[in-house]
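In what follows, a single structure is set out as C-alpha cells and then discussed.
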Amino acid sequence: MDDFTTLTRFIEQTLEIHCGNYKEDYIKRRLLSRMRSTSTTTYTDYLKYLKSNPPEIELLRNALTINVTEFFRDHDVYEVLPQEVLPELFKQRKRLRIWCAGCSTGEEPYSIAMILNEMTAHNPELSAQIFATDIDKVVLAKAQEGIYNEKAMGKLTEAQIHRHFTRLPDGNWQVKSHLKEMIRFRPHDLMSGVPISRWLDLITCRNVTIYFTEHQKDELARMFHAALVTGGYYIMGKTEYLGRQVEGLFTAYNSAQKVFIRKE
C-alpha cells in the first residue's frame, strides 16, 4: 500500500469522507494545501501530524468539503425560481417539500426561504418545508445559527435585510425566526445513496458535484430522481451537467440555468 492510499484510508475511517468518490487530483490538491500549512512534505509526515494534532482533523475536513457559497448566488437562477418554478409547483400542491443538498453555511436555503416567504406572505394557504443538509457538521452549525457578517450581506437589498435579519450588537446580522422555522438543517452524506426524504418537489444541489467522479455524479442523479415526485425540479450548478447514463431521467426545463424536470 503506498503512502497516499494509507493516508486516504485513515481519512475515510476518521472523517467518514470517502475519497474514492472524488477525483484524485482534487483530493491531492486539498491535501497539498494542508501539508503546506503544516510544514509537512510527504503523505507519511502529514499522516503522523494528523494523528498527533487533533485540531488538524477538522481543518482537513473543511479543506476537503466544499463550503463556498453566498446569498442569491447566480442571480438568474433566483429569477427562474420565483417567476416560473415555484409558481408552477404551487399550482400542483399547497405545501412544497424542498431539499437543499450541500447547503454549506446556509446562504442558499435562506435565499430560497426569503423567496418563499415573500410569495406566501399574502396567501396563508401556501407553505413550504426546506430540508438543508451538508456532510460538514461545523458549517451546518453555522447555518443553523444563521449569523452573517456585513460582507456576506452584500447581495441583499435593504428591504430583504430589514425584513429577514436582525442587527446584533457586534455588527453582524442574524436570520429572523420566520425563515429559520421553514428550514430543517440535518447532517447528510450525499455519497450514502439514501436521500434525506422522498416525495420532494424541488432539489437544489449546486456547485457540489464538480469534484465528484463521473460514477458518483451518476449515482447522485439517480438518487435525486428517486427522491423527487414526477414533475419535480432538480437544479444543478451552472458548470455541472448530467452524464449520458442518467440524462434520460430528466427533461431540460432551462438549460442555461441547469433546471431539470424529473421524468417518470
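Per-structure values
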{"quantity": "Residue with peak Gaussian network fluctuation, the chain [Cα springs, cutoff 10 Å], from Ile57, Ile130, Ile183", "calculated": "Ile57"}
{"quantity": "For the chain, built as a Gaussian network whose Cα springs stay under 10 Å, the top-fluctuating residue of Thr41, Thr166, Thr133", "calculated": "Thr41"}
{"quantity": "As computed over region 112-264, the Cα convex hull volume per residue (Å³)", "calculated": "138"}
{"quantity": "Label zone at Ser52 (point 7 Å along Cα-to-Cβ), backbone N below 13 Å, region 1-43", "calculated": "39-41"}
{"quantity": "Antiparallel content of DSSP bridges confined to the chain, in %, to 5", "calculated": "40"}
{"quantity": "Gain upon complete extension [Ser177, Glu247; 0.36 nm per residue less C-alpha separation]", "calculated": "21.3 nm"}
{"quantity": "Ranked Val77, Val229, Val194, criterion: other C-beta atoms within 10 Å, fewest first", "calculated": "Val194, Val229, Val77"}
{"quantity": "Loop trypsin sites (Lys or Arg not before Pro), region 165-209, which have at most 15 other Cβ atoms in a 10 Å radius of their Cβ (DSSP)", "calculated": "Lys176, Arg198"}
{"quantity": "Relative contact order (percent, whole number), the chain, Cα cutoff 8 Å, 6+ residue spacing", "calculated": "16"}
{"quantity": "Region 131-264: antiparallel DSSP beta bridges as a percent of all, rounded to 5", "calculated": "55"}
{"quantity": "Helix axis angle, 107-120 relative to the chain longest principal axis, alpha carbon, degrees", "calculated": "10"}
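Every read-out reported here was derived from the displayed coordinates using simple, explicitly stated rules and does not represent laboratory data. Here the structure is a predicted model, which is why all the values come from computation and not from measurement. Because the Cβ atoms are built from the backbone with ideal geometry, glycine has one as well, and the counts that use them run over all protein chains shown.
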